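Worksheet for the structure shown next.
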Amino acid sequence: MARRPDRDKAEVLSEKDLKDLRHNLAHLNVTAVRDFYERTYRDCRLVYKRLPTPRQIQTLVQIWKQLWK
């Protein structure tokens, strides 16, 4: 049976990190945000049994939100 990753060791973005990421994304042009999205999306793909970290998913979500603004 598969085990869940240890949440204590998982990298998670803090509120300050999320705020900084949002600020930085807001100041990029659309092309740069799309490129960043493509790289992050590639990192979040499910490959074999490797799951993306919470930090990678948080980053992907923030970029996705920026693209929809």
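Laid out as a table, the results:
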{"read-out": "Qualifying positions in the stretch 28-41 - part of a loop (DSSP other than H, G, I, E, B) and over 13 Å from Gln62 (Cβ atoms)", "value": "Asn29"}
{"read-out": "Within the stretch 7-27, considering residues that are in a loop (DSSP other than H, G, I, E, B) and free of Cβ contacts under 8 Å to residues at least 24 places away in the same chain, the one least open to solvent (accessible area, probe 1.4 Å)", "value": "Ser14"}
{"read-out": "Test: residue in the stretch 45-66 that is in contact with an Asp or Glu (Cβ under 6 Å, 6 or more places away or on another chain) and assigned to a helix (DSSP H, G or I)", "value": "yes"}
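The values are calculated or read from the model by the stated rules, or taken from the named source; none is laboratory data. Owing to the predicted nature of the structure, the values given are computational and were not obtained by experimental measurement. Cβ atoms come from the backbone with ideal geometry, glycine included; neighbour counts cover every protein chain shown. The accessibility values were calculated without ligands, DNA or RNA, using every heavy atom of the protein model including side chains. Shrake-Rupley method; radii C 1.70, N 1.55, O 1.52, S 1.80 Å.
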